[in-house]
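Just below is one structure, and these are the notes that go with it.
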Amino acid sequence: MRSTSARKQNGTRTRTISWQDPMTTAIASAELSGMECLQKMMSGELPPPPIMILMNGKFAKVSEGRVVFVAEPSEYHFNPLGSVHGGFAATLLDTAMACSIHSCLSAGISYATLEIKINYVRPLTDKTGPVHCEGTAVHIGGKIATAEGRIIDRDGNLYAHGTTTCLLMRRH
């Protein structure tokens, strides 16, 4: 799994992305607790989801109820206005918040995002540098779980924050 970017002489940019079969992790995760699955992805024993490669992100920390990703916004994340598309922050927050819930789940339990709320407080650009996206579980119930998240830069500046509600399901 890798991502490379290049700029050609005529101004055209290219990006090449490689990833591993995501079903490897999906199948393995059915037999693992959420924490075990996340730790194996962080250590490289299981491949990360391809979306994290697209987002230029990686695990930084995993503990029960808390997950931190690091990602670096780049030009290829831009919207037509010349700043990073809001979907970049939304995807990071959705992933970190859902993974914070996942870290609390037993083997055989999966989840799906039911609702996500994002507040954008400052724009991300290709000059922002690496950002940390932290997700923290707030409530793990029998059917519903909630979490909150924040995206900050190395100086602690807040870029976006949000909340999520996830449906908890028994895997078949």
Per-region count, region 19-40, residues within 26 Å of Gly86 (Cα to Cα) and either at pLDDT below 95 or among the basic types (Lys, Arg) (or both): 2
Which numbered condition Ala137 misses (of (1) over 23 Å from Thr25 (Cα atoms); (2) part of a strand (DSSP E or B)): (1)
From the options Val70, Val84, residue that is among the β-branched types (Val, Ile, Thr) and surrounded by 19 or more Cβ atoms within 10 Å (Cβ to Cβ): Val84
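Rundown of residues vs (1) aromatic (Phe, Trp, Tyr); (2) crowded, with 18+ Cβ neighbours inside 10 Å; (3) in contact with a strand residue (DSSP E or B) (Cβ under 7 Å, 6 or more places away or on another chain); (4) modelled with pLDDT of 95 or more, yes/no style:
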position	(1), (2), (3), (4)
Gly65	no, no, yes, yes
Leu92	no, yes, yes, yes
Thr95	no, yes, yes, yes
Cys104	no, yes, yes, yes
Glu134	no, yes, yes, yes
Gly141	no, no, no, yes
Asp153	no, no, yes, yes
Leu158	no, no, yes, yes
Inter-residue pairs, beta-carbon under 7 Å, first on the phi > 0 side of the Ramachandran plot and in region 140-154, second surrounded by fewer than 19 Cβ atoms within 10 Å (Cβ to Cβ) and outside any strand (DSSP E or B), 6+ apart: none
Close pairs from region 6-23: first under 26 Å from Pro47 (Cβ atoms), partner at pLDDT 80 or above and among the aromatic types (Phe, Trp, Tyr), Cβ under 6 Å, at least 6 apart: Arg15/Tyr76
Restricting region 10-53 to residues that are charged (D, E, K, R) and touching a Phe, Trp or Tyr at 6+ places or on another chain (Cβ under 8 Å), the residue that is surrounded by the fewest Cβ atoms within 10 Å (Cβ to Cβ): Arg13
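The values are calculated or read from the model by the stated rules, or taken from the named source; none is laboratory data. Please read all numbers here as calculations on a predicted model, not as lab measurements. Heads up, the Cβs are rebuilt from the backbone with ideal geometry, glycines too, and the neighbour counts pull from every protein chain shown.
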